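Worksheet: one structure, shown below.
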Amino acid sequence: MKYIEWFGKNFIGLFEEGGDQFISFMTDIVPLLVVLLTFTYSLIALIGEDRVNRVIRKSAKFILLRYTIMPVLSVLLLTNPMAYTFGKFVKEEEKPAFYDSVVTFLHPVTGLFPYANAGELFVYLGIANGVMEAGYSQGNLAVRYFLCGIVVVFIRGFVTEKVTKFLIKRGTISEQDAEVE
């Protein structure tokens, strides 16, 4: 009987803790995310959507910008999952690599810009909690994640583009097969 009582008490306790965590997100994280998104869309409106599109289209011509600046901007400005739409600015044979870059950057961005991929926030906060308990700064972790993410994004985009172009040239896949839907 003790076991059943213990199970009932702790089973409900699990949901009570989940509810408390949910309320803390509603009062802390959600307002922050709304303000950050509002700022981002206001900035785009001030600059002008056409100007932003022109600059992005020009930057897509350079491999360094295509796999560093473009994924970062797409994730920061459009957030997940809309960030993938920046792929419209790259050539068909570069789309798999661009997609790979954006997907890769969705986690490292979370520490500095939690609105960009709120689904990863739980993972980041779990890691950050461990780092803080070890006596280190959460801000330092967020900056390192972000910078390391940019390096990894470039490497993955570069390698994926080379592999995709190699396979297209070899005839293993066609450009239509290389498209990311």
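The values are calculated or read from the model by the stated rules, or taken from the named source; none is laboratory data. Note that the structure is predicted; figures quoted are calculated from it, not measured. Note that each Cβ is placed from the backbone with ideal geometry, even for glycine, and that neighbours are counted across all protein chains shown.
Overview of values
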| item | result |
| --- | --- |
| Of all residues in region 83-114 being more than 18 Å from Phe62 (Cβ to Cβ) and small (Gly, Ala, Ser), the one that is farthest from the chain's Cα centre (by Cα) | Gly111 |
| Criterion: aromatic (Phe, Trp, Tyr), at pLDDT 90 or above, surrounded by 15 or more Cβ atoms within 10 Å (Cβ to Cβ) and under 25 Å from Asn53 (Cβ atoms) - qualifying residue of Phe154, Phe89, Phe113 | Phe154 |
| Residue check, Phe122 buried (at least 21 other Cβ atoms within 10 Å of the Cβ), assigned to a helix (DSSP H, G or I) and not aliphatic (A, V, I, L, M) | no |
| Any hit, region 51-64, residues being under 22 Å from Phe154 (Cα atoms), of a type in the set (Phe, Trp, Tyr) and crowded, with 16+ Cβ neighbours inside 10 Å | no |
| Single unsatisfied condition, Val153 versus (1) among the hydrophobic types (A, V, I, L, M, F, W, C); (2) in contact (Cβ under 8 Å) with a residue 24 or more places away in the chain; (3) in contact with a Leu (Cβ under 7 Å, 6 or more places away or on another chain) | (3) |
| Among (1) among the aromatic types (Phe, Trp, Tyr); (2) in contact (Cβ under 8 Å) with a residue 40 or more places away in the chain; (3) within 28 Å of Leu37 (Cβ to Cβ), the one test that Phe158 misses | (3) |
| Subset of region 21-41 (residues that are at pLDDT 75 or above and in contact with a Leu (Cβ under 9 Å, 6 or more places away or on another chain)) | Tyr41 |
| Segments classed as helices (runs of 4 or more DSSP H), wholly inside region 24-84, with at least 1 members that are of a type in the set (A, V, I, L, M, F, W, C) and in contact (Cβ under 8 Å) with a residue 60 or more places away in the chain | 29-47, 63-66, 69-78 |
